[in-house]
Amino acid sequence: MAHILIIDDEEQIRTLLRNLLEREGYRISEAGDGLAALNCQQEDPADLIITDIYMPEKEGLETINEFRRLFPEVKIIAISGGDKTGKIDFLQVAASFGAQATLLKPFDLQEIVRIVKDLLS
């Protein structure tokens, strides 16, 4: 069973993704920010992470960079509600940092399931 780490400071998003992906048969861990996620990954490595971009402590772009450096084999999906200033496409930046897929919130639930299955196959 593949292991997925969901990183988002919004508990509702983590719960939504956990419930959705557990029904698909995946084992799920959660973290509220990138710093907690790195600790989780060291203790119980995930095959795939889903990370938000805007978070406290360690935001998503920094988290993606660290995961790429420390855990190069992990698959990464970046999610975001969009740039607060409207000037930078942070999902495009996330892709350039190594995210294999990006999704703008709110996203279609079946789309995220499809992407997860594709990345883990």
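Bear in mind that the values in this text are calculations on the coordinates, not laboratory data. Quick caveat, the model's predicted, so the values are computed rather than measured. Counting neighbours? That spans all protein chains shown, and the Cβs are built from the backbone with ideal geometry, glycine included.
Some notes on this structure:
- Rg over Rh, two decimals, region 23-121 (C-alpha only, Kirkwood Rh): 0.94
- Remark on residue 2: its backbone amide H falls under 5 Å from those of 27, a criterion applied only to residues 5 or more positions apart or on other chains, H modelled at 1.01 Å from N.
- Residue 119-residue 89 pseudo-label distance in nm [points 7 Å out on the Cα-to-Cβ vector]: 1.9 nm
- Signed unit charges on C-beta, dipole axis of the chain, positive-most listed residue 29, 15, 120: 120
- Couplings 3J(HN,Hα) for region 21-37, derived from phi with the Karplus relation 6.51 cos²θ - 1.76 cosθ + 1.60 (θ = phi - 60°), are 7, 5, 4, 7, x, 8, 8, 10, 10, 9, 9, x, 6, x, 5, 5, 5 Hz, where x marks Gly and Pro.
- Taking the helices alone, the chain has a mean residue ellipticity at 222 nm of -13500 deg cm²/dmol, built from -39,500 (n - 2.57) per DSSP H run of at least 4 residues and averaged over all its residues.
- Cleavage-rule hits, trypsin sites (Lys or Arg not before Pro), region 14-121, DSSP coil, Cβ neighbours within 10 Å at most 10: 84, 87
- In this structure, the amide hydrogen of residue 103, modeled 1.01 Å from its nitrogen in the peptide plane, lies closer than 5 angstrom to those of 78, 79, 80, counting only residues at least 5 positions away or on a different chain.
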